[in-house]
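J.: Handing you this structure, nothing more for now.
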């Protein structure tokens, strides 16, 4: 989406592989997974251990009910993420992470990217996620409890 289409600014959209490459090439780049705690626990989490990095897990919305997290910005700041870092935001399919990228950009974070295909990607022909696009389907590292 362009700035004109969204009415806001953020650094742009990346695929999961582009996000991985950015995290690999930029030692200061960080990944924030903005999904809910239930998704982290039951669907899985991105694993950045090969890069000697740890993703941040800060929910954009709280489950159940998917209520907005009023402390999101404060939690990002408390995580020690500087406004100068490249911040890559990941959710299930790219919608919440886009909203988080817009909000962080508006709060002064200069380089926020939306991982547009998300952790699970869009639904396939059978209505299932995680099979055609996204972090998991692309074979990027992830873990599950």
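Values in this text are rule-based calculations from the coordinates and carry no lab data. What you see is a predicted model, and the numbers here were worked out from it, not measured in a lab. Cβ placement follows ideal geometry from the backbone for every residue including glycine, while neighbour counts extend to all protein chains displayed.
J.: Could you list 45, 67, 35 in order of exposure, starting from the residue whose Cβ has the fewest other Cβ atoms within 10 Å?
T.: 67, 45, 35
J.: Whole angstrom only: what separates the Cα centroid of region 15-73 from the Cα centroid of region 80-119?
T.: If you average the Cα positions of each part, the centres end up 10 Å apart.
J.: In addition: In whole Å, largest first, what are the principal axis extents of the Cα atoms in region 23-63?
T.: Principal extents (Cα only, largest first): 33, 17, 10 Å.
J.: Now, a different point. Let me know the Rg and Dmax you get for the chain when you use only its Cα atoms, in Å.
T.: 14.2, 42
J.: Further question: Taking neighbour Cβ counts within 10 Å as the exposure measure, how do 58, 81 sort from fewest upward?
T.: Final ranking by Cβ density, sparse to dense: 81, 58.
J.: Of the residues 96, 50, 22, which exhibits the maximal mean-square fluctuation in a Gaussian network model of the chain defined by a 10 Å Cα contact cut-off?
T.: The residue that fluctuates most here is 50.
J.: Continuing with the same structure: Suppose we keep just the alpha-carbon trace of region 67-145; what are its Rg and Dmax in angstrom?
T.: Final numbers for Rg and Dmax: 14.1, 42 Å.
J.: Which distance in nm do the two modelled labels at residue 53 and residue 142 give, with both placed 7 Å along the Cα-to-Cβ direction?
T.: It works out to 1.7 nm between the two label points.
J.: If r is the Cβ-Cβ distance from residue 106 to residue 28 and R0 is 22 Å, what FRET efficiency results, to the nearest 0.05?
T.: Once rounded, the FRET efficiency stands at 0.55.
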